[in-house]
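Visitor: One structure, pasted below without further comment.
Throughout, read-outs are computed from the coordinates displayed, never taken from laboratory work. Predicted model only: the values in this text are computed from it and were never measured. Neighbour counts are summed over all protein chains in view; Cβ atoms, including those assigned to glycine, are modelled from backbone coordinates with ideal geometry.
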Amino acid sequence: MPKRFVLRAGAIVAASALVLVGAASSASAHVTLSSPDAKPGGYAKLIFRVPTESGNTSTTKLVVSLPKDLPFAHVGAQVKDGWKVEKKTEKLAAPVKVGDVTLTQAITTITWTATAGGIPPNDFDEFALSVGKIPEGVDALSFPTDQTYSDGEVAKWADVAKDGADEPEHPAPTLKLAAAITPVAATTSSDAKDSSDPLARWLAGAGLLVGLLGLAFGLRPRKVAPVAASGEAGTPDSGKAQS
């Protein structure tokens, strides 16, 4: 194989690898959302992971929008050193009942603004909310987020992915809600119990029989070696005969 062909093939493979790595880095660099305890009907901690994609600018502001059609009765924002946090409350178009509370207004946006350097280039930080109650009967909640850089550029993470479609270029941070799992009672039916009992009794009987056989063999008397008869060498009678 010509040396030139080998070098050209190697260059193509290396370039392809760099393109793939760059694409993977870009795809994983958007603002993401996770929660360690979110479940329908409960309270949850929401964690927004914010990377600074730029190589020469910092992230200086983050604005998270909360669902207006499914508002939260409680919203608490994480207090962070080097950041100022603000909550914006709006009047709802119509009252919304959340659990035992009927809301006519709700917190709709949370804004963190850097008071120091912000998130440096190629680094990331996390911002947390405590919210509740999580609405029931929904599979996911989206939180459109604006990320502002130190040069004034604003990245809007607001596109909601459609079912079966590829991930959009600027996806909104989305909280996936797993369906509640009904625990299975740790009981068996009478039929299963009846069918398993004979087998259990048979196995117990077989084990007992094996144990008894082992005990019988263990207690069997051992054979005793015969005692030497009188008159043999080494006995008193043999000594008298020699005298």
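Visitor: Quick one: net charge around ALA93, please, counting Lys, Arg +1 and Asp, Glu -1 for every other residue with C-beta under 12 Å from its C-beta.
Guide: So the environment of ALA93 carries a net charge of 0.
Visitor: Beyond 26 Å between alpha-carbons counts as too far, so tell me which of LYS88/LYS162; LYS68/LYS176; LYS61/LYS97; LYS61/LYS162; LYS97/LYS162 fall in that bin.
Guide: On the way: LYS88/LYS162 29 Å; LYS68/LYS176 18 Å; LYS61/LYS97 32 Å; LYS61/LYS162 28 Å; LYS97/LYS162 28 Å.
Among LYS88/LYS162; LYS68/LYS176; LYS61/LYS97; LYS61/LYS162; LYS97/LYS162, the Cα-Cα distance tops 26 Å for LYS88/LYS162; LYS61/LYS97; LYS61/LYS162; LYS97/LYS162.
Visitor: What ranking do 59-65, 48-54, 99-105, 132-138 get when scored by the average of other Cβ atoms within 10 Å per residue, highest first?
Guide: Those peptides, ordered most packed to least, come out 59-65, 48-54, 132-138, 99-105.
Visitor: Given H placed 1.01 Å from N in the peptide plane, which residues other than close sequence neighbours of ALA161 have an amide H under 5 Å from its amide H?
Guide: Counting only residues 5 or more places away or on other chains, the set is ALA172.
Visitor: Continuing with the same structure: Work out from phi, with θ = phi - 60° and the Karplus expression 6.51 cos²θ - 1.76 cosθ + 1.60, the ³J(HN,Hα) of each residue of the range 123-139, listed in order in whole Hz, and give x for Gly and Pro.
Guide: Here the 3J(HN,Hα) series is 10, 9, 8, 10, 10, 10, 10, 10, 10, x, 8, 5, x, 9, x, 10, 8 Hz.
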